[in-house]
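What follows is one structure encoded as structure tokens, with my remarks underneath.
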Amino acid sequence: MDGSEVDQPWKSKPVTEGEWAGWTSYDTDPFEALTGPFYSRRDPATGKKVCAFRAERKHMNGGGFMHGGCMATFADYALFVIADEALAGSGSVTASLNCELVDSAQAGELIEASGEVVRAGGSMVFVRGLITTGGRPIANFSAIVKKIRRKG
């Protein structure tokens, strides 16, 4: 799903219990539901959007470290959360995603992402962000999101 479907837009749902109470999650993207779960919220101190998930064994590679594909998938999730306001009222797809893996993480660690919209134009939104664990950077990313017309 790319958010262009009129009757099933990308909508967050509040989490009310457990470790993620107070966060929101999206269950409308089948791939992210399979690879996550991923969560987001607005940081009360900074007002910025923050995304997070708890690293599990399923997120690891054969060496026991976080799989690079998992970090890229999480970056793709985070960029849409970060750009949410700039994308309001339109569907959208990832046109370009660059992800540099600078360190790794292990199962059990809290993985977080935050970032900013660098520029929001009429049809494209440019985003950059950082993925961390324990305050330690493990990946940085930049992306271009293309706005598309809603089908319907």
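The values are calculated or read from the model by the stated rules, or taken from the named source; none is laboratory data. The structure displayed is predicted, hence computed values, not measured ones. Heads up, the Cβs are rebuilt from the backbone with ideal geometry, glycines too, and the neighbour counts pull from every protein chain shown.
See the values below:
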{"item": "Top-ranked residue in the range 69-96 [being more than 21 Å from Pro30 (Cβ to Cβ) and loosely packed, with under 15 Cβ neighbours inside 10 Å; ranked as modelled with the highest pLDDT]", "result": "Ser96"}
{"item": "Which numbered condition Glu100 misses (of (1) more than 25 Å from Leu34 (Cβ to Cβ); (2) under 16 Å from the mean Cα position of the chain (by Cα); (3) surrounded by fewer than 16 Cβ atoms within 10 Å (Cβ to Cβ))", "result": "(1)"}
{"item": "Criterion: of a type outside the set (Phe, Trp, Tyr) and more than 15 Å from the chain's Cα centre (by Cα) - qualifying residue of Arg128, Arg42, Arg119", "result": "Arg119"}
